[in-house]
Amino acid sequence: MLEHAISWTGAVETETQLIARGLRARDAVLLHDLVERFQLRLVRYLVFFLGRRDHVDDLVQETWLRVVERGKSYDGRSPFQAWIFAIARNLAIDHLRRKTGVSLDSSEDSGKNAPAELLASSAPSPFELVARTEDAVKLATSIAKLEPIYREALLLRFQESLSLQEISITVGAPVPTVSSRIHRGLAMLRTHLEGESRAS
Amino acid sequence: MQVDIHERTCLLIDKSLSAELSLQEQESLHAHLLSCARCQQYQAGNSRVVAALDGFTFELPLDLNANVHRSMQQLLHKMEADHAARRSMLWTAFSAFLLSFLGSSVVWQLSDYLAVYAHMSAGELQTILLLVWIMPSLLISFLFPLIPGLLMVRRTQKGWRS
């Protein structure tokens with residue numbers, strides 16, 4: 001539906017330009033369509049970023065309301081998911097700041113300073129609950145322990161297929177930092193997976 | 001020397017996961033991988049992690065989409081109502097300004113005749129009209145468009161207090 005469209009000027013609009021135009025006009029049909037298309041990805045992104053499932057639904061709802069309010073600021077030059085994830089990310093950071101006084105965004109080692117409540121829990125992590133393949137089950141624990149900035153970088157790169165530049169815009173960090181986060185995150189998970197395989 | 005090649009290949013494998021390799025880099029990587037089991041293993045390890053990330057299947061709570069749609073509709077209606085109120089306030093302000101301007105011009109034109117009845121000079125009457133009528137009415141009509149903003153600030157302050 002949103003692939004391409006001919007605008008009244010006769011020029012072919014890309015999908016992102018079409019979304020930008022719809023958001024400027026506060027097109028209810030487009031907004032409905034966007035929710036249907038991006039909801040699951042938004043939930044997945046927030047779970048990866050926060051490392052927990054509770055409060056995600058509230059943050060998702062808040063994110064969409066922000067999309068309606070600030071739709072005019074989306075110019076259609078970057079993928080829509082990069083823009084909406086940046087909104088969700090800021091809301092999640094605000095939420096954590098309000099709740100715990102901790103920022104997950106302040107430094108590379110910020111995750112190490114997260115409160116114990118965020119890192120250790122006897123309940124299964126959201127990743128353990130949704131792991132469906134053998135390797136995913138093996139990775140679930142280590143993903144939960146991984147710092148949010150690494151989880152986020154891996155998700156955006158390999159699940160959302162965003163470029164380094166787009167991830168850099170989303171997370172507000174320079175491209176080399178994003179690249180380093182991806183490689184470090186991957187190395188940690190690879191080591192864990194290889195260790196698990198050797199053990200079994 | 002061999003170690004350098006392995007390290008370089010691993011870096012290229014890492015790079016290939018986050019960026020586009022140049023043709024030369026692709027050829028170099030491909031040539032080395034054909035004959036190096038260690039680097040093949042490294043690449044397979046990375047691919048396995050990336051594939052494992054696909055193995056997490058998230059599901060949406062049943063009512064989440066419906067709740068989001070409902071909230072968005074409510075917000076859209078509220079924004080539309082606010083927009084209409086702002087537009088109507090601007091038209092009212094414009095009309096008030098126009099009427100003030102027209103009324104003031106008419107009175108100004110008639111000041112010579114009115115001065116005779118008021119037993120004062122036209123200049124004195126114009127000064128009084130300017131201070132007591134024209135300037136206050138124009139000022140009020142200028143301030144009219146600010147009323148919605150002031151109301152919004154008041155509403156926000158009330159929201160903070162509650």
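Bear in mind these aren't lab numbers, they're just calculated from the coordinates by the rules spelled out. Small disclaimer: the values here were computed from a predicted structure and weren't measured. A quick note on method: Cβ atoms are made from the backbone with ideal geometry, for glycine too, and the neighbour counts reach across all protein chains shown.
Do you know the Lys pair count in the protein assembly as shown for C-alpha distances under 28 Å, with sequence separation 8 or more or different chains?
Here the count comes out as 11.
Neighbour counts of other C-beta atoms within 10 Å: give me B:4, A:94, B:14 arranged from fewest to most.
B:4, A:94, B:14
With θ set to phi - 60° and the Karplus curve 6.51 cos²θ - 1.76 cosθ + 1.60, what are the ³J(HN,Hα) couplings of the range A:32-37 in order, to the nearest whole Hz, using x for Gly and Pro?
Using θ = phi - 60°, the values come out as 4, 5, 5, 4, 4, 7 Hz.
Between residue B:69 and residue A:90, what is the label-point separation in nm under the 7 Å Cα-to-beta-carbon projection?
Roughly 2.8 nm, to one decimal.
Can you list, by residue number, the Cys in chain B that have no neighbouring cysteine C-beta under 4.7 Å?
Isolated Cys, chain B: B:10.
Through the Karplus equation 6.51 cos²θ - 1.76 cosθ + 1.60, θ set to phi - 60°, convert the phi angles of the range B:98-108 into ³J(HN,Hα) values in whole Hz; use x for Gly and Pro.
Couplings: 4, 5, 4, 5, 5, x, 5, 5, 4, 4, 4 Hz.
I need the calculated FRET efficiency for the pair residue A:133 and residue B:26, taking r as the beta carbon distance and R₀ as 35 Å, to the nearest 0.05.
0.75
Residue B:143 to residue B:92: extension gain in nm, 0.36 nm per residue of separation minus the Cα-Cα distance?
17.2 nm
Let me check I've understood the local charge: for residue A:163, count other residues with C-beta under 12 angstrom from its C-beta, Lys and Arg +1, Asp and Glu -1. What total comes out?
That sum, taken over residues with Cβ under 12 Å, equals -2.
Could you list B:102, B:53 so that the one with the fewest beta carbons within 10 Å of its beta carbon is first and the one with the most is last?
B:102, B:53
Quick check for you: which residues of the range B:80-99 have the amide N under 11 Å from the point 7 Å beyond the Cα of residue B:155 toward its beta carbon?
B:80-86
Using a cut-off of 12 Å between beta-carbons, work out the net charge of the residues near residue A:144 (Lys and Arg +1, Asp and Glu -1, residue A:144 not included).
For residues surrounding residue A:144, the net value is +2.
Could you tally the net charge around residue B:144, taking each other residue with its Cβ under 15 Å from the Cβ of residue B:144, Lys/Arg +1 and Asp/Glu -1? Walk me through the numbers on the way to the answer.
Values: positive: B:86, B:87; negative: none.
Around residue B:144, the surrounding residues sum to +2.
So, with +1 on the Cβ of K and R and -1 on the Cβ of D and E, and no other charges, what is the size of the charge dipole of the range B:69-161 about its Cα centre, to the nearest 20 debye? Mind showing how you got there, number by number?
Details: 8 positive and 4 negative charges, 183 e Å.
The dipole of the range B:69-161 has a size of about 880 debye.
Which whole-Hz couplings ³J(HN,Hα) result when phi for each residue of the range B:78-89 is put into the Karplus expression 6.51 cos²θ - 1.76 cosθ + 1.60, θ = phi - 60°, listed in order with x for Gly and Pro?
These are the phi-based 3J(HN,Hα) values: 5, 5, 5, 5, 4, 5, 5, 5, 5, 5, 5, 5 Hz.
Only Cα pairs within less than 10 Å get springs; with that Gaussian network setup on chain B, which residue of B:23, B:130, B:90 has the largest fluctuation?
Top of the fluctuation ranking is B:23.
What FRET efficiency comes out for the pair residue A:61/residue B:85, r = Cβ-Cβ distance, R0 = 30 Å, nearest 0.05?
It comes out at approximately 0.70.
Give the longest segment of chain B that steers clear of GluC sites (Glu not before Pro) in DSSP loops with at most 12 neighbouring Cβ atoms within 10 Å, not counting the sites themselves.
My reading of the result: B:60-162 is the longest stretch.
In what order do A:74, A:150, B:113, A:45 fall by count of nearby beta-carbon atoms within 10 Å, going from fewest to most?
B:113, A:74, A:150, A:45
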